[in-house]
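Remarks on the structure that follows.
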Amino acid sequence: MPYRPFYPSADVPVVQVAIRGEHIGRRTGVRVPLVEAVTDTAGALLQLLREKPAVARAAGIVGVRADRAGELDDALREAFVHDGPAVVDARMASQELSPPPHLTYDEVKGFSQFATRTVLSGEGNELLEPAKTNLHELPLPH
């Protein structure tokens, strides 16, 4: 089966969300089956997670938050050096690009082809949102 090494062990409780209920539990045991759209479930969970770092800190657990990609390394470092449980709230834009530190020719070529096809198919507006999102991450010139 594909992805078998990534399945949880039998003692880990699993929550599975699927639009089609017949897909639930096909590959691993499921404790909480949810038949609905993943976006609806994620939206509901996001509301619950918003205050988790504050609640964690109040309970004596490390709670850190990263609002921008540049803050993530420090947030994870703080969580990992803590001797005990930690909650990391990593809030990233859905359209944020995460390029690798070194781009290869093939990666640049592939992205260029994607962008060209997108514009030529009349869907150029799909490139505007990632561009606006990622402009906020660029360092400002001094």
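Please treat every number below as a calculation from the coordinates, not as lab data. As the structure is a computational prediction, the values presented were derived from the model and not from experiment. Because the Cβ atoms are built from the backbone with ideal geometry, glycine has one as well, and the counts that use them run over all protein chains shown.
List of remarks:
- Length gained when the stretch Arg31-Phe80 is fully extended (0.36 nm per residue, less Cα-Cα span): 14.8 nm
- By average C-beta atoms within 10 angstrom, highest first, the peptides 104-114, 16-26, 56-66: 56-66, 16-26, 104-114
- The label-point distance for Lys132 and Phe111, in a model that sets each label 7 Å from Cα toward Cβ, rounds to 2.0 nm.
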